[in-house]
1. Out of L263, L295, report the one residue that is closer than 23 Å to E220 by Cα, at pLDDT below 85, crowded, with 18+ Cβ neighbours inside 10 Å and over 24 Å from the mean Cα position of the chain (by Cα).
2. Could you check segment 89-194 for helices (runs of 4 or more DSSP H) lying wholly inside it with 1 or more residues that are over 20 Å from the mean Cα position of the chain (by Cα)?
3. Of all residues in segment 195-235, which are over 21 Å from M161 (Cβ atoms) and outside any helix (DSSP H, G or I)?
4. Identify all residues within segment 259-295 that are outside any helix (DSSP H, G or I) and either on the phi > 0 side of the Ramachandran plot or of a type in the set (D, E, K, R) (or both); write none if there are none.
5. Please find, among N285, N277, N244, the residue that is of a type in the set (S, T, N, Q) and farther than 26 Å from V184 by Cβ.
6. Just checking, which of L131, L175 is out of contact with any Cys (no Cβ under 6 Å at 6 or more places or on another chain) and more than 26 Å from A206 (Cβ to Cβ)?
7. Yes or no: V313 part of a helix (DSSP H, G or I), buried (at least 17 other Cβ atoms within 10 Å of the Cβ) and over 25 Å from the mean Cα position of the chain (by Cα)?
8. May I ask you to verify whether N236 is closer than 25 Å to L88 by Cβ and of a type in the set (S, T, N, Q)?
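The values are calculated or read from the model by the stated rules, or taken from the named source; none is laboratory data. Keep in mind that this is a model prediction, so the values were computed, not measured. Note: ideal-geometry Cβ built from the backbone for every residue, glycine included; neighbour counts use all protein chains shown.
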Amino acid sequence: MSKNKNNDKKNFNLIRDDAKDFGKADFKKFKKKGWFDSKKEAKKAFYAYLTDEKLPGTIEFVIRSGYYRNNKDNDGVQEIKDGVYARLCDEDYIKYLKKSIKDGSKIKNMKFLPIIFKDIIDKVIVTNKELIEKDPNASVYDVRDLTELMLIINKKKLKKMEKCGIDNKLAIDILTVIPDEDVVSISQIHRLKSFFDVLYAHAKTADIPFDDIVDVLFSEDIIPTIIAFALLEKKNRFSSLDDNQKKFYLTVSNWCFKTMEKLSKDGIEKIVDVYINTRKKDDANGKDSARRYNLASLSESEYPRIYRVVQKVIGNSPDVKKYL
């Protein structure tokens, strides 16, 4: 195993331990270890310990592996995640977090927390519905504190989206899957798939200002990654879309080629290389199929830079033509 892989495994084990500790840490045991003037002071110190020492790694762990269920390579993930979610449903702890953020505390990875809050809220909504179905007078779980904290964390980007005329409900949904572009480097495929799923869902009932959304969310450095992901979307998705969603699908295609055409020759080549290599891997695993658009059929007059790169790649390696 290479040194990098060893480091990756070590880092993953560290954040896994953080997540375990975050969920299992016991206040009574913590209180016995220190001298505190009151229970209130001890509780504040306990929450500070959880937030400063354990929460950053916990957030990364859940985002990196928390969406797995019965995967043999992720034994114990669900148990750890349940402990984390239970802690994040502690009203007193959420109040502590809210106050810390309002007071200007800089907590590492806090910008990613809306992803986890959204998952908790979705699960609580389902649970509450089941409780009411069994007993209309049943007590249900309140997620207002979680929702408020999620909006506080996303406040600046929500304002940017509002200025661009992006619908507030759409903006909130987008920012619960990608509250910050750095999350894409943590779980790229899952994050970008979730991002596009949100957009397709909203496209059923509204026009999606894709250019504006991308401008708010992503820097120039990550745009090639977005283009490559969109181009690799399988063509068969198109047939399952309604007319409004198909309109959005074409908007994304046009954005990809318009944006890609403006890149340097090296930038275009990198996207094409990622595209080909991904399709080769899928082909080797028997999973390849037609993608969003046949790149080799792009018009030379409309997209001369892309056209030249694609033709050069085919000329150098004729065997890749079937992927393009």
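1. L295
2. 91-102, 113-134, 144-153, 155-163
3. L232, E233, K234
4. If the condition is that a residue be outside any helix (DSSP H, G or I) and either on the phi > 0 side of the Ramachandran plot or of a type in the set (D, E, K, R) (or both), then K262, G286, K287, D288, R291, R292 are the ones that fit.
5. Within the list N285, N277, N244, the selection yields N244.
6. None of the other options fit; the residue is L131.
7. On the way: part of a helix (DSSP H, G or I): yes; buried (at least 17 other Cβ atoms within 10 Å of the Cβ): yes; over 25 Å from the mean Cα position of the chain (by Cα): yes.
It is true that V313 is part of a helix (DSSP H, G or I), buried (at least 17 other Cβ atoms within 10 Å of the Cβ) and over 25 Å from the mean Cα position of the chain (by Cα).
8. Details: closer than 25 Å to L88 by Cβ: no; of a type in the set (S, T, N, Q): yes.
Answer is no for this residue.
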